[in-house]
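Take a look at the structure set out below.
The values are calculated or read from the model by the stated rules, or taken from the named source; none is laboratory data. Because the structure is a prediction, the values reported are computed rather than measured. Just the protein is used for accessible areas: all its heavy atoms, side chains included, with ligands, DNA and RNA removed. Shrake-Rupley method; radii C 1.70, N 1.55, O 1.52, S 1.80 Å.
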Amino acid sequence: MITRKLMLYMTCFTLTGLATTARADDASPPQSTLSVGLAGQSLPRYSGSDKRRWQVVPLVQARDGAFFLDSQKGIGYDLQSDSGLYLEHTLGYNLGRSDQDSDWRDGSDKLRGMGNIKATVNTAFAVGWTLTPWLTVEGKATLPLSDGQGVNYQASAILIPMQTTSDTVAFSTAALFGDRRYMNTVYGVSDRQSERSGYAPYQAAGGFYGTDSSLTWSHQFTPSWAALASVDYTWLDKHAQNSPIVFRHNQTSATLGVLYTF
């Protein structure tokens, strides 16, 4: 259940990179826009799984001035200064995790007996600085509102090595952190879960637990039609890696999508 853009949260996720690109090269106030599309994804069944799944997800991005709606990030607003500093606040939804195979959210039959992680409404705060047109740094905290699943944080950098009128390539890397409650919700095994699932009990410590890096390419065919492709790599540190439900500590994901802007 790593934050994807991760991947979702679908992780450093593709649309986050594109939004940052817009910040970097457009000093004018954002205009009202609406984009819709579809993306296909190949990704692990959950954070730490050694099995994969395929899914198709809708992409919706709408903006009116500082306010926006994004199918991956939620609803929110951002405030930007001429110096490159910006603040973003979003209200989103996390689908949680199932203890059986699922085609629409994290989950695996290998988690039977662990119980489900409930879906939750969350709020996220991000503060960033566009240092140059090709480099942005950001810190982000995501807090649950509807259930006490803990808080996760990330510190990231986004590099844009190539940008033309039709093509943009962006590389992002993030260090991932979680408080003790978050870590034990995602990677821990309580005594009760151990009895039901057969996995050994495990208490995860809070703090740094991994990195998430992605490479994104977007291509503008026409003023309305665009395509995007993203490859994501996640590595889990020992605090998550030592969990008995983590079968693979380095994972990859791929996303391919199309967008139409009205």
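Round to a whole number: what % of the accessible area of region 91-148 belongs to carbon and sulfur, probe 1.4 Å?
Details: 1710 of 2820 Å².
For region 91-148, the apolar C and S fraction of the accessible surface comes to 61 percent.
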| query | Which of the lysines could a cross-linker span from K238 if the Cα-Cα distance has to be under 22 Å and same-chain partners fewer than 8 positions apart are dropped? | reply | K51, K110
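Can you give the accessible area per residue of the chain, in Å², using a 1.4 Å probe?
Numbers: 12250 Å² over 262 residues.
Computed with neighbouring chains in place, this is 47 Å² per residue.
Using the Kirkwood radius over C-alpha pairs as Rh, can you work out the diffusion coefficient of the chain via Stokes-Einstein at 25 °C, viscosity 0.890 mPa s, in µm² per second? Don't skip to the end; give the middle numbers.
Details: Rh = 18.6 Å.
Roughly 132 µm²/s, to the nearest whole number.
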| query | HN-Hα J couplings of region 135-141 from phi, Karplus 6.51/-1.76/1.60, θ = phi - 60°, integer Hz, Gly and Pro as x? | reply | 9, 10, 10, 8, x, 9, 10
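Helix-derived [θ] at 222 nm for the chain: sum -39500 (n - 2.57) over DSSP H runs of at least 4, divide by residue count, nearest 500? Don't jump to the answer; show the numbers that get you there.
On the way: 4 runs with 30 residues, N = 262.
Mean residue ellipticity, 222 nm, calculated: -3000 deg cm²/dmol.
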| field | Overall Cα dimensions of region 134-262 - principal axes, largest extent first, Å | value | 57, 30, 27
| remark: Counting only protein heavy atoms and leaving out ligands, DNA and RNA, the solvent-accessible surface of I117 at a 1.4 Å probe, in Å² to the nearest 10, equals 10
| request: Summarise the accessible area of region 164-216 (1.4 Å probe, protein heavy atoms) by the percent that is carbon and sulfur. | output: 54
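In percent, what relative contact order does region 168-234 have, based on Cα pairs under 8 Å that are 6 or more apart in sequence?
Numbers: 108 pairs, mean separation 25.1, N = 67.
Worked out over region 168-234, it gives 37 percent.
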| query | Which ³J(HN,Hα) values, rounded to whole Hz and listed in residue order, are derived for region 49-57 from phi using the Karplus coefficients 6.51, -1.76 and 1.60 in 6.51 cos²θ - 1.76 cosθ + 1.60 with θ = phi - 60°, glycine and proline given as x? | reply | 6, 9, 10, 10, 9, 10, 8, 10, 10
| query | Relative contact order for region 94-155: what is it in percent, counting Cα pairs under 8 Å that are at least 6 residues apart? | reply | 24
| field | HN-Hα J in Hz across region 169-181 - Karplus 6.51, -1.76, 1.60, θ = phi - 60°, x for Gly and Pro | value | 10, 10, 10, 10, 9, 9, 8, 10, 9, x, 6, 4, 5
| query | What is the extension gain from D82 to A62, computed as 0.36 nm multiplied by their sequence separation minus the C-alpha to C-alpha distance, in nm to one decimal? | reply | 4.9 nm
